[in-house]
Amino acid sequence: MTKPLAGIRVLDLTNVLAGPFCCHQLAHFGAEVIKVEAPGRGDLARQLGADPELNKKGMGVSFLAQNAGKKSVTLNLKTEQGKALLKRLVQTADVLVENFRPGVMNRLGLGYETLKSSNPELIYCSISGFGQDGPWVNRPAYDQIIQGISGVMSITGDADSAPLRVGYPLADTMGGMTAAFAISSALNAEPRGAFIDVSMLESVIASMGWVVSNHLIADQDPAPRGNENWTSAPSGAFETADGVLNIAANKDEQWVLLTDLLGLERLRDEPNYATREDRKRNRFALKAVLETVLKTQTAEQWSEALNKIGVPAGVILSVPDVLDTPQIADRGFLASFENVPGVGRNIQTVTTGAKLDGVPPTVETPPPELGQENDAIWGALGLSATEIESLKQEGVI
């Protein structure tokens, strides 16, 4: 199968997560992604992650997580020779992605208008915390800052624990996904050539559509709801004999099936639970009654029984547990690379969560060592081995 982005060359000038995650998606769908990194240090993510030894090697887990399938070259963009080389590389590219602070690329003389003169069809994507304009444009932004400003932390947790950070870099991830979608769309335009301004803040707020719309349209003040789904009841997390179980009886017919299974048919005749709105208003009293029965069996037993009759339910798993399930392990979602250079051992990474014609998109190569393709990429631009070696000695590459 030909991948949809086959033949597309992407220059990845990004660091850490939002930008690399964007280019991670593009690589898996077939794009040739050339990671352009600073000589001697590269992407900051090379020094980040839970394994200190890999951090020292410049192959940190945070880097390994979203850079498989890419090529790495080094280039000092603060030198005139480095700027000239980037412009030559841009002539061969379809897309450039960067996540510097707004204005940095312009100050380097490498902004969109400049690079567009080298390649009028270039799709230039800039990812930043707040976008390229507005009163907050010059603020520094990290994932946790965006989570707090966006309102996410204010609605995460419950009345006692909020504000609470989401347990993974949500803002970086949403910013990267938004950028990947925008780039893929721009590649479909005729003629090509665009400047894409991705705001992590706006990307996160866009993903909060229900919450934002409840405020804008229904004048409902967003609040932390804990494990309760406030669009329906009974819908949330319930105590069982050995732990917590998620149940989502969101439809009236699922409410009937649930009460039948639990032997609580009588609840359907009580005025407090007669309609969806009644059940929502009295959700905690209803939850207490349901848990008197749910606590007689394990979460896994109830999950199996409820799903069998068409009531959505699921045991709450840890990350290691879900990765070991056949649902994940057998669908080709995880990629394996053997004896990775610079790492010295086998690694596994995630892919994209999508399949094309039944096949999960994959990449052929593991995350690259810093400057791994210097000779090949710069040589393809016409530089001789002597010139490449000289540029290395001068710190340009």
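Numerical summary
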| read-out | value |
| --- | --- |
| Built amide H within the under 5 Å cut-off of Phe238, gap 5+ | Leu245, Asn246, Ile247 |
| Tilt relative to the chain, helix 80-90 - C-alpha long axis, 0 to 90 degrees, to 10 | 60 degrees |
| Gain in span if fully extended, Val359 to Asn106, counting 0.36 nm per residue against the direct Cα distance | 87.0 nm |
| Gained length - Lys308 relative to Glu121, 0.36 nm times residue gap less alpha-carbon distance | 62.0 nm |
| Computed [θ] at 222 nm, helices only, for the chain once each DSSP H run of length n ≥ 4 contributes -39500 (n - 2.57) | -10000 deg cm²/dmol |
| Percent carbon-and-sulfur accessible area, the stretch 68-162, ignoring ligands, DNA and RNA, probe 1.4 Å | 48 percent |
| Solvent-accessible area, 1.4 Å probe, carbon plus sulfur percent, for the stretch 325-397 | 48 percent |
| Fully extended contour minus Cα-Cα distance, from Asp133 to Phe333, at 0.36 nm per residue | 68.2 nm |
| Probe 1.4 Å, accessible area per residue of the chain, Å² | 50 Å² |
| The stretch 19-127: trypsin sites (Lys or Arg not before Pro) in DSSP loop, at most 16 other beta carbons within 10 Å | Arg41, Lys57, Lys78 |
| Ordering of 384-395, 296-307, 364-375, 91-102 by burial proxy (mean other Cβ atoms within 10 Å per residue, highest first) | 91-102, 364-375, 296-307, 384-395 |
| FRET efficiency, 1/(1 + (r/R0)^6) with R0 30 Å, evaluated for Glu113 and Glu394 via beta carbons | 0.60 |
| Alpha carbon centroid spacing (whole Å) that separates the stretch 1-20 from the stretch 168-240 | 22 Å |
| DSSP bridge pairs, the chain: antiparallel proportion in percent, nearest 5 | 40 percent |
| Between helix 18-28 and the chain: long-axis angle, C-alpha atoms, 0 to 90°, nearest 10 | 90 degrees |
| Amide N of the stretch 198-215 lying under 12 Å from the label point, which is placed 7 angstrom from the Cα of Ala189 along Cα→Cβ | none |
| Under Karplus coefficients 6.51, -1.76 and 1.60, residue-wise ³J(HN,Hα) of the stretch 271-280 in Hz, glycine/proline x | x, 5, 10, 5, 10, 4, 5, 4, 5, 5 |
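The values are calculated or read from the model by the stated rules, or taken from the named source; none is laboratory data. All of these numbers come straight from a predicted model, not from anything done at the bench. Don't worry about glycine lacking a Cβ; one is built from the backbone with ideal geometry, like all the others, and counts go over all protein chains shown. Areas reflect the complete protein model, heavy atoms only, side chains present, ligands, DNA and RNA absent. Shrake-Rupley method; radii C 1.70, N 1.55, O 1.52, S 1.80 Å.
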